[in-house]
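Scroll down for the structure; my scribbles are underneath it.
The values are calculated or read from the model by the stated rules, or taken from the named source; none is laboratory data. Note that this is a predicted model, so its numbers are computed, not measured. Neighbour counts run over all protein chains shown; Cβ positions are idealised from the backbone, glycine included. Only protein heavy atoms, including side chains, enter the accessible area calculation; ligands, DNA and RNA are left aside. Shrake-Rupley method; radii C 1.70, N 1.55, O 1.52, S 1.80 Å.
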Amino acid sequence: MTLTLVGLCGALRKGSLNRKLMHEAARRFGDAAFTDADLRLPLYDGDLEAAEGIPAPVQRLADQIAQADAVVIACPEYNQSLTGVMKNALDWISRVEGAPWREKPVALMNAAAGRAGGARANYALRLAMAPFRATIISGPEVLLAGAGKEFDDTGRLTSEHYGATLDELMSALRAEAERQRG
C-alpha cells in the first residue's frame with residue numbers, strides 16, 4: 001500500500017530553496033504518492049468566510065491534509081518568523097470542519113541563507129501548529145543554513161551532513177505514518 005505525502009512550502013516562488021528542500025524530502029521519504037499543495041489562497045478574512053464560506057482552494061488543501069498519511073512543511077524565515085503565506089494557510093485551515101491536522105504525522109524543515117538555517121521560523125511554525133494537535137516529529141531538526149550553496153543544478157541536496165539529517169527525519173516521519181496506518 002502506497003503512502004500519501006503532502007508537502008506545504010511557505011514560499012510561493014517556484015525556485016525557492018524551501019521548495020527544493022521539500023521536494024528533496026519527498027524523494028527521501030521513499031515510495032509515496034506526493035502532492036505539492038497550493039498555498040495561493042485568499043488572505044484570511046472573517047467577512048469573506050461569513051459571506052461565502054470556506055473558499056474552494058482552502059477546502060481542497062484541508063482535504064489533502066486530512067487524506068494524507070503524512071505532511072512535510074518547508075518554510076523560509078521572513079523577518080525572524082514564518083512567512084505570511086504559511087500563517088495564512090494555517091489560519092484558513094483552522095476554520096475548516098473536521099480537524100484535518102489531528103494526529104497527522106508532520107515533519108518541519110527550513111532552508112535559509114543565514115547561519116541559523118531558519119531556526120526562528122521553525123520555532124514559530126512549531127508554535128503555530130500547536131493548536132492543531134498534529135504529531136510533529138520532534139527531530140532531528142533540519143535547519144539548512146547557507147542553503148543557496150547546498151543544492152545542485154537539478155535541485156538535489158549535495159551536503160552529506162544535511163542529507164543524513166534529512167534521511168533520519170524522513171525515516172521517522174515514514175515510520176510514524178506506517179504505524180498510524182497499521
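Listing for the model above:
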quantity: Selected residue [among the charged types (D, E, K, R) and in contact with a Ser or Thr (Cβ under 9 Å, 6 or more places away or on another chain)] from 63, 69, 91; calculated: 69
quantity: Selection count where residues are open to solvent by 70 Å² or more (accessible area, probe 1.4 Å) and among the polar types (S, T, N, Q), scope segment 29-46; calculated: 0
quantity: Per-region count, segment 1-28, residues open to solvent by 10 Å² or more (accessible area, probe 1.4 Å) and either modelled with pLDDT of 95 or more or of a type in the set (Phe, Trp, Tyr) (or both); calculated: 9
quantity: Qualifying residue in segment 91-113 (condition: open to solvent by less than 50 Å² (accessible area, probe 1.4 Å), at pLDDT below 95 and assigned to a loop (DSSP other than H, G, I, E, B)); calculated: yes
quantity: Pairs, first under 30 Å from residue 149 (Cβ atoms) in segment 160-182, second basic (Lys, Arg), C-beta under 6 Å, six or more apart; calculated: 166/28; 167/28; 170/28
quantity: Residue identified as more than 24 Å from residue 166 (Cβ to Cβ), touching a Gly at 6+ places or on another chain (Cβ under 8 Å) and in contact (Cβ under 8 Å) with a residue 24 or more places away in the chain among 66, 26, 37; calculated: 66
quantity: Selection count where residues are surrounded by 13 or more Cβ atoms within 10 Å (Cβ to Cβ), of a type in the set (Lys, Arg) and part of a loop (DSSP other than H, G, I, E, B), scope segment 126-169; calculated: 1
quantity: Some residue of segment 47-63 being of a type in the set (Gly, Ala, Ser), under 22 Å from residue 141 (Cβ atoms) and open to solvent by 50 Å² or more (accessible area, probe 1.4 Å); calculated: no
quantity: Filter pass, residue 2 being polar (S, T, N, Q) and in contact (Cβ under 8 Å) with a residue 60 or more places away in the chain; calculated: no
